[in-house]
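Novice: This is the structure I have questions about; it appears just below.
The values are calculated or read from the model by the stated rules, or taken from the named source; none is laboratory data. For clarity, every value in this text was computed on a predicted model and none was experimentally measured. Cβ sites come from the backbone with ideal geometry, for glycine too, and all protein chains shown count toward neighbours.
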Amino acid sequence: MPSNRPLFSLFAIFTVAWLLVLAGAVVIFKFIVPFTYCHCFYDGVAKGAFSTILAVIWLGILVAMRDQFVRKNILSKAQKDSESEREISQDASNKLG
Amino acid sequence: MTVLDYHKPERPQIPRPAGPAIFGGVVAGEILLFFFSSSYAILALALVTLISGIVGIVDDLATLGGLAKPLLLLIGGIPMVAIQYLAPGASVYSSRLYLPLFSHPTYLPILYPLLVIIAIPVTTNTINTIDVLNGVMSGTLLIAFVPVTVAIIIRIYLGLSSIWILLATLPLIASLLSFYFFFHRYPSKIFPGDSGALALGGAYGAIAIIGGVEIVAIIAILPAILNSFLFLSSVKKLVEHRQVSVQPTILLQDSRMVASTDRKAPVTLVRLLVSTGPQSEREITRNIFKLDAYCAGLALTTALLIWVIPLAK
C-alpha cells in the first residue's frame, strides 16, 4: 500500500506555488510595470529586467523544492534499496563461506 | 487510427484522435452563439479553438518537434488581438488585469496583447502535457472550469462581464462532460490525441482571457503547469515526451507504475506521485484529481481575493 506522503508534500508545493503566483503577479503587474521613471527605452528595459529577475528567483524556489522532493523520496529510497540488497548478498556470501 | 494503451495488462488498441469531433462540436456551438449574440469575443474563442485544433491534427498526423508546435500555436492567439484592433467596438479583452487585494485594475495597453498571444501556446501545451493517463486531461479541465465559471459569474454580478461569456463556456463544458464520462475516463474508449488536447487547451486559455479571469484560470490548472514546469526544468530543453530516452516511470508486470530511480529521468507529476511505491493507473488518476480539486479551491480563494474582498473593505 503506497503512503500518502508524496501527496501531502505536493499539497505543500502547490500552496507555495499559489503564493508565488499571487505575490509575483502583484509585484510585477502592480508595482514594476505601471511604474514610470521616464518615457524612454531604458524604462521598458528596466521593467523587463526586474520582472525577469523576480521570475528567475521564483522559479529557483520551485526548482529547489523539486530537487528536495526527488532527493528525499526517490533517490534516498533507491540508495536504501541498493544498500539492503548489498547487505542481503553479504549475508548470503557469509553463510556460504 | 489506433494506439496501444500501455498501462493496461491486456494492452488494448484504443482509437485516436477524438480531437476533430471535440473541437468540431465546440466551434459549432460557439459560432451559433456568435450569431445570436454578435459578440466578437465568442468569435475569437471559436477561432482560437479551431486553429489550436488544426495544429493538433497536424501533430497527430506528423509529429511536430518540441519547438515547432509552440511556434505554430502562436497563430492561435492572433485572432483575439486582430479582432480587438480591427472590429470597431469589439471587446474581446479589456487589457485591465485585476489583482488580489486591489480594487482598481492595472491597465496594460501594450503588454496585455503580447500576453494574449503568448498565453495560447502556453495553455495548449500545458494541457497537452497533462494528457498522460486515462481521463486525466479532460477531468483536470472539468475541475478547473468550476472556479473559472464561478469567477465569471462573480464578474457578471459586478457588471464587469457579459452573460454571453458565461454562455460561451457551455459548449466547452458540455463537450468536456460528454467526452469524459462516455469516452475518456478509466478505462478509456477513445483518446483525444494532440488535436483534442490542444483545442481544449486553446479554448480554456481563450475563455480565461475573454472572461477576464486570467489569474484564477492559471491557479486552477496549477497541477498541469507544475507538471510541464517539472518536465521542462529537468530535461532543460523544449522536447517532445516521445523523444525522451529515459522514462520517468517504470511499468511493472502487473501494470502498476513506480518511479524511475535514474538520475537522468525527467521529473513529472506522475513520477513524484509514485515515488514511495507502485500505484495503479486508477490510483494515480485519483490522486491527480485530488490535487486538481485542491488547486480549484485555491483558485476559488483567489477569485474571492480579487473581486469580493477588495469590495468589502
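Novice: Taking B:L232 as meeting all but one of (1) free of Cβ contacts under 8 Å to residues at least 24 places away in the same chain; (2) in a loop (DSSP other than H, G, I, E, B), write down the number of the exception.
Specialist: Failing condition for B:L232: (2).
Novice: How many residues, within the stretch B:266-300, are hydroxyl-bearing (S, T, Y), at the interface with chain A (Cβ under 9 Å from one of its Cβ atoms) and farther than 20 Å from A:M65 by Cα? Steps first, please.
Specialist: Of the residues in the stretch B:266-300, the ones hydroxyl-bearing (S, T, Y) are B:268, B:275-276, B:280, B:285, B:294.
Subset that is at the interface with chain A (Cβ under 9 Å from one of its Cβ atoms): B:275-276, B:294.
Subsequent filtering for residues that are farther than 20 Å from A:M65 by Cα retains none.
Residues that pass the stated criteria total 0.
Novice: Mind telling me which of the residues A:F8, A:F14 ends up being within 21 Å of B:F231 (Cα to Cα) and loosely packed, with under 13 Cβ neighbours inside 10 Å? Before the answer, list the steps.
Specialist: Numbers: A:F14 fails: loosely packed, with under 13 Cβ neighbours inside 10 Å.
The unique qualifying residue is A:F8.
Novice: Within the stretch A:14-31, how many residues are more than 7 Å from every other protein chain (Cβ to nearest Cβ), among the aliphatic types (A, V, I, L, M) and under 14 Å from the mean Cα position of the chain (by Cα)? If you could, list the steps in order and put the result at the bottom.
Specialist: Step one: filter the stretch A:14-31 for residues more than 7 Å from every other protein chain (Cβ to nearest Cβ), giving A:15-16, A:19-20, A:23-24, A:27-28, A:31.
Filter once more, keeping what is among the aliphatic types (A, V, I, L, M): A:16, A:19-20, A:23, A:27-28.
Then drop every residue that is not under 14 Å from the mean Cα position of the chain (by Cα), which leaves A:16, A:19-20.
The qualifying residues number 3.
Novice: Run B:L298 past the list (1) at pLDDT below 90; (2) farther than 21 Å from B:N128 by Cα and report the number of the one that doesn't hold.
Specialist: (1)
Novice: What are the pairs with Cβ atoms under 8 angstrom where one residue, in the stretch B:291-313, is over 22 Å from B:A224 (Cβ atoms) and the other, located anywhere, is at pLDDT below 95 and among the polar types (S, T, N, Q)? Sequence gap at least six, or different chains.
Specialist: B:P310/B:S103; B:L311/B:S103; B:K313/B:S103
Novice: Is it the case, given these coordinates, that B:G202 is crowded, with 24+ Cβ neighbours inside 10 Å and under 17 Å from B:D59 (Cβ atoms)? Explain how you work it out, then say what you get.
Specialist: Values: crowded, with 24+ Cβ neighbours inside 10 Å: yes; under 17 Å from B:D59 (Cβ atoms): yes.
Answer is yes for this residue.
Residue-wise test of (1) more than 12 Å from chain A (Cβ to nearest Cβ); (2) on the phi < 0 side of the Ramachandran plot; (3) not hydroxyl-bearing (S, T, Y).
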position: B:L167; (1), (2), (3): yes, yes, yes
position: B:S178; (1), (2), (3): yes, yes, no
position: B:R185; (1), (2), (3): yes, yes, yes
position: B:S188; (1), (2), (3): yes, yes, no
position: B:F191; (1), (2), (3): yes, yes, yes
position: B:L198; (1), (2), (3): yes, yes, yes
position: B:I218; (1), (2), (3): no, yes, yes
position: B:A224; (1), (2), (3): no, yes, yes
position: B:S234; (1), (2), (3): no, yes, no
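Novice: While we're on this one: So which residues in the stretch B:16-56 are touching a residue at least 40 places away in the same chain (Cβ under 8 Å) and hydroxyl-bearing (S, T, Y), if there are any at all?
Specialist: B:S37, B:S39, B:Y40, B:T49, B:S52
Novice: Looking at the stretch A:4-13 only, could you name the residues that are modelled with pLDDT under 80 and more than 7 Å from every other protein chain (Cβ to nearest Cβ)?
Specialist: A:N4
A quick yes/no check of all residues on (1) modelled with pLDDT under 90; (2) crowded, with 22+ Cβ neighbours inside 10 Å; (3) under 18 Å from the mean Cα position of the chain (by Cα):
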{"position": "B:L43", "(1), (2), (3)": "no, yes, no"}
{"position": "B:A46", "(1), (2), (3)": "no, yes, yes"}
{"position": "B:I51", "(1), (2), (3)": "no, yes, yes"}
{"position": "B:G56", "(1), (2), (3)": "no, yes, yes"}
{"position": "B:Q84", "(1), (2), (3)": "no, no, no"}
{"position": "B:P88", "(1), (2), (3)": "yes, no, no"}
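Novice: Restricting attention to the stretch B:276-313, which residues are surrounded by 19 or more Cβ atoms within 10 Å (Cβ to Cβ) and in contact with a strand residue (DSSP E or B) (Cβ under 9 Å, 6 or more places away or on another chain)?
Specialist: Result: B:T276, B:Q279, B:E281, B:I284, B:N287.
Novice: Is at least one residue of the stretch B:260-279 over 23 Å from B:T123 (Cβ atoms), within 26 Å of the chain's Cα centre (by Cα) and among the β-branched types (V, I, T)?
Specialist: Within the stretch B:260-279, one or more residues are over 23 Å from B:T123 (Cβ atoms), within 26 Å of the chain's Cα centre (by Cα) and among the β-branched types (V, I, T).
Novice: Separate question: In the stretch A:32-50, what residues are part of a helix (DSSP H, G or I) and either more than 11 Å from chain B (Cβ to nearest Cβ) or out of contact with any Phe, Trp or Tyr (no Cβ under 9 Å at 6 or more places or on another chain) (or both)?
Specialist: Step one: of the stretch A:32-50, the residues part of a helix (DSSP H, G or I) are A:32, A:41-50.
Residues satisfying the conditions are A:F41, A:Y42, A:D43, A:G44, A:V45, A:A46, A:G48, A:A49, A:F50.
Novice: Here's another thing I want to ask about it. Could you list all residues from the stretch B:119-152 that are outside any helix (DSSP H, G or I) and either under 13 Å from B:F179 (Cβ atoms) or among the polar types (S, T, N, Q) (or both)?
Specialist: Taking the stretch B:119-152 first, the residues outside any helix (DSSP H, G or I) are B:130-135.
Selection gives B:D131, B:N134, B:G135.
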